[in-house]
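Inspection log for the structure reproduced underneath, given as structure tokens.
FYI, it's all coordinate maths here, none of it is from the lab. All values reported here derive from a predicted model rather than from experimental measurement. As a convention, Cβ positions derive from the backbone with ideal geometry for all residues, glycine included, and neighbour counts pool all protein chains shown.
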Amino acid sequence: MQRRNILVVGAGPVGSVAALACARFGHRVTLLEAQERIDDSPRASTTQPPTLEILAELGLIDEYIAQGLVARTFQFWDRPTRRLIAEFDFSRLRGETAYPMVVQTEQHKLANMAIGRLRDMADAEVILGSRVTGVSQDSKQVKIETENGELLADYVIAADGGRSTLRKGLDIEFEGYTWPERFLVITTKFDFQAELGCCLRTYMADPDEWTNLFKVAGDDLKGRWRAVFNTRPDETDEEALSDDSVRARLARCYAQNADWLHLNLYSVHQRVAKQFRKGRVFLCGDAAHVNNPIGGLGLNCGIHEAWDLANLLGGDESKLDAYERRRRPLNIKYVQEQTVANKKQLEERDPAQREKRFEELRRTAEDPARHKSFLMRASLLESARDAIRA
Ligand SMILES: Cc1cc2nc3c(=O)[nH]c(=O)nc-3n(C[C@H](O)[C@H](O)[C@H](O)COP(=O)(O)OP(=O)(O)OC[C@H]3O[C@@H](n4cnc5c(N)ncnc54)[C@H](O)[C@@H]3O)c2cc1C
């Protein structure tokens, strides 16, 4: 194994995991983060089985499960008629993975956990509050400019998120589109499970306005729900965030008179970088691709990339091209296509088509072979298998 000097830009969940993986493989690692503290806004929590396998390899799995909630099932509902359409059970994946489950742990907890481990390692350094402003490279090394000076590295992992400074600095196109609607996340203590009898991960279809419900542990481990709604394309931020409209949205999802803890509004995109590698710099996670969050796939895919890349960086330089060759098509096939299909599933307007889709879901859930094959794809286990073959 070659011991390399690796600089990771961005201490989100992907950069932190990439840095920890590289450090555990024996590289000298510096993790640079623009902010003084890790962003704890409510984004990813759904962690799929192959990602849990990676967290186990990194020695994080027990702590990760302890800080989250185990969800063995997920459900599809028809929201207007308050009907359960189908339930999928990850126990059907027994024998395929050591973790036949999803764990709902908030993404900032993962970043903080990985950073905690890095701080105890002799050859790893974590620098917060240092924004990267530029990048240049020759055939031997990369130079990173920050607000506080320059740093040199053999390789750089750009995990600096959807608006990646490095991706822009390297002039890599971010192909795709932005959805006209935004996604509103309402965090509430209202107990949807008690009210509806739904499970911890529930997708509710509605032609006018769908809802995704997730229970997370919260920092106090006392539990809270995130209800995700689409906004109307013509709805202003003020309107979407106003008390009246939030109350009405919760009521349409059967949470009458519920209070809320936080509101967050996100723009949503489907974009993939034209290149995942330029010379000695590799794009990873949201810096390389962004997608709508329905299905809980984007961060999971980013962590698979971080792990793959950390494995490649200790090997022969001629093998490094494998990163882009396999990761870009995998993201398009298993994350972009799937999340667009998931969104369509929830918002289908044609009544006959809606019933047809529901019937299809019911039949898939009832047939053991189809149930399992549906979960193999939805859990990214199929993508992880393809990565090994690619
Ligand atoms: C509502 C919502 C729900 C989601 N749910 C899921 C889910 O359940 N499962 C899932 O898999 N995905 C989900 N996602 C997607 C997931 O949140 C992202 O894929 C994830 O945040 C990507 O992590 P990252 O580390 O690549 O980027 P980020 O989390 O964006 O982190 C990038 C980091 O880089 C830092 N940075 C930026 N610029 C610089 C710079 N110039 N210099 C230094 N540092 C810099 C930032 O401060 C930040 O800390 C969801 C997204 C949303 C919006």
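Only one entry in 221, 213, 265, 250 is in contact (Cβ under 8 Å) with a residue 12 or more places away in the chain, surrounded by fewer than 16 Cβ atoms within 10 Å (Cβ to Cβ) and outside any loop (DSSP other than H, G, I, E, B), namely 265.
For the range 197-224, give me each residue that is more than 12 Å from residue 106 (Cα to Cα) and under 21 Å from the mean Cα position of the chain (by Cα). Listed by number, the residues that qualify are 199, 200, 201, 202, 203, 204, 210, 211, 212, 213.
If only residues of the range 175-196 that are part of a loop (DSSP other than H, G, I, E, B) and either in contact (Cβ under 8 Å) with a residue 60 or more places away in the chain or under 20 Å from the mean Cα position of the chain (by Cα) (or both) are counted, the one that is farthest from residue 75 (Cα to Cα) is 189.
Can you tell me which residue in the range 147-174 is surrounded by the fewest Cβ atoms within 10 Å (Cβ to Cβ), limited to those that are away from the ligand (no atom under 12 Å from the Cβ) and part of a strand (DSSP E or B)? Steps first, answer last, please.
Initial filter on the range 147-174 (away from the ligand (no atom under 12 Å from the Cβ)): 149-150, 152-155, 170-174.
Adding the requirement that they be part of a strand (DSSP E or B) leaves 149-150, 152-153, 155, 174.
Details: 149: 8, 150: 10, 152: 13, 153: 22, 155: 24, 174: 19.
Selected residue: 149.
For the range 379-388, state whether one or more residues are closer than 18 Å to residue 75 by Cα and assigned to a helix (DSSP H, G or I).
The answer is no, given that none of the residues of the range 379-388 is closer than 18 Å to residue 75 by Cα and assigned to a helix (DSSP H, G or I).
Report yes if some residue within the range 97-111 is among the hydrophobic types (A, V, I, L, M, F, W, C), touching a residue at least 60 places away in the same chain (Cβ under 8 Å) and surrounded by fewer than 20 Cβ atoms within 10 Å (Cβ to Cβ); otherwise report no. No; the residues of the range 97-111 include none that is among the hydrophobic types (A, V, I, L, M, F, W, C), touching a residue at least 60 places away in the same chain (Cβ under 8 Å) and surrounded by fewer than 20 Cβ atoms within 10 Å (Cβ to Cβ).
Of note, residue 287 does not satisfy the criterion of being more than 27 Å from residue 218 (Cβ to Cβ), more than 13 Å from the ligand (Cβ to nearest atom) and touching a residue at least 40 places away in the same chain (Cβ under 8 Å). One residue stands out in the range 112-146 among those that are hydroxyl-bearing (Ser, Thr, Tyr) and touching a Lys or Arg at 6+ places or on another chain (Cβ under 7 Å): the one that is surrounded by the fewest Cβ atoms within 10 Å (Cβ to Cβ), namely 136.
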